[in-house]
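None of the figures in this text is laboratory data; all of them are computed from the coordinates on show. The shown structure was predicted, so the numbers you read here are calculated from the model rather than taken from an experiment. Glycine gets a Cβ as well: all are built from the backbone with ideal geometry, and neighbour counts include every protein chain shown.
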Amino acid sequence: MLGALFLFAANISTADALAENERYIDCLNVIEADAETGRRIAQQWAATDSGLDAEHCLAVADLAAGFYNLAGLRLDELAAGQIARDSGVSGELYRQASEAWIFAENFENAEASAQRGLAIDPDSGELFLLAAHAHSAQEDWSEVVSAVTKAEDLGVFTSNGYVRRGRAYAKLGDYAAGAEDVVRALSINPMNIDAFILRGEIQQAGINIEVYYEKSNMTGDQQQQ
């Protein structure tokens with residue numbers, strides 16, 4: 001997740017000019033090299049500048065230093081403040097806030113941030129996968145199935161997303177559908193341990209699962225949601 005936040009400058013609009021803000025880029029670079037020093041620098045900057053660039057760099061610093069709840073709060077506040085200015089930036093900030101809340105294992109807030117983001121960008125498969133993660137942690141299985149399916153319909157799918165939906169199907173008693181998602185998950189990432197665990201659980205229910213890997217699929221899943 002931290003790597004995704006470091007790429008934030010590439011995702012925002014040119015109107016906000018973070019990509020051209022050398023101080024912002026320097027701040028991220030210091031955080032990447034030394035989280036404690038970077039956070040101190042970001043705090044000093046934010047103390048004298050309430051702009052998006054300073055506040056976002058501080059949120060990244062909070063995250064890097066392990067202050068996940070604080071990062072989630074800061075990102076939610078930034079997202080709310082950007083709605084009227086740039087809805088695209090706001091949606092991206094809500095996505096990052098949801099990720100921060102997931103790191104904090106505060107899944108109710110993670111779900112709330114994802115839903116706020118989806119209210120702005122209802123075609124974000126990434127936000128649906130974050131919502132699915134939060135639903136899964138809260139054992140809201142029907143919502144997991146719905147969220148992952150919506151992400152899939154939008155062309156966004158990951159090995160872990162299929163594992164979560166497969167487990168949800170199993171919990172709902174649809175072992176055949178769960179088995180199909182195990183196959184999908186392992187086809188994307190043959191080394192997904194959670195998929196192997198779910199495969200064993202479903203096979204104990206009497207469903208045999210065979211997976212045939214193509215060489216092109218042996219690189220693994222690069223996304224974590």
Quiz item: Around Lys150, what is the net charge, scoring Lys/Arg as +1 and Asp/Glu as -1 over all other residues with Cβ under 12 Å from its Cβ?
Solution: -4
Self-check item: ³J(HN,Hα) computed for each position of the range 109-122 - Karplus, 6.51 cos²θ - 1.76 cosθ + 1.60, integer Hz, glycine/proline x
Solution: 5, 4, 5, 4, 5, 4, 5, 5, x, 5, 5, 8, 10, x
Exercise. At 0.36 nm per residue, minus the direct Cα-Cα distance, what do Ala119 and Glu105 gain on full extension? Give it in nm, one decimal, please.
Key: 2.8 nm
Quiz item: In sequence order, what are the phi-derived ³J(HN,Hα) couplings for the range 78-83 according to the Karplus relation 6.51 cos²θ - 1.76 cosθ + 1.60 with θ = phi - 60°, rounded to whole Hz, with x for glycine and proline?
Solution: 4, 4, 4, x, 9, 4
Quiz prompt | Phi-based couplings in Hz for the range 152-169 (Karplus 6.51, -1.76, 1.60; Gly and Pro marked x) | solution = 4, 4, 8, x, 10, 8, 9, 4, 5, x, 5, 4, 5, 5, x, 5, 4, 4
Quiz prompt | Overall Cα dimensions of the range 46-164, principal axis frame, Å, largest first | solution = 46, 29, 20
Practice problem: Work out how much length Asp153 to Gln203 would gain on full extension: take 0.36 nm times their residue separation and subtract the Cα-Cα distance, in nm to one decimal. | Solution: 15.2 nm
Self-check item: Estimated inter-spin distance, Asp34 and Phe196, nm [label 7 Å along Cα→Cβ]
Solution: 4.0 nm
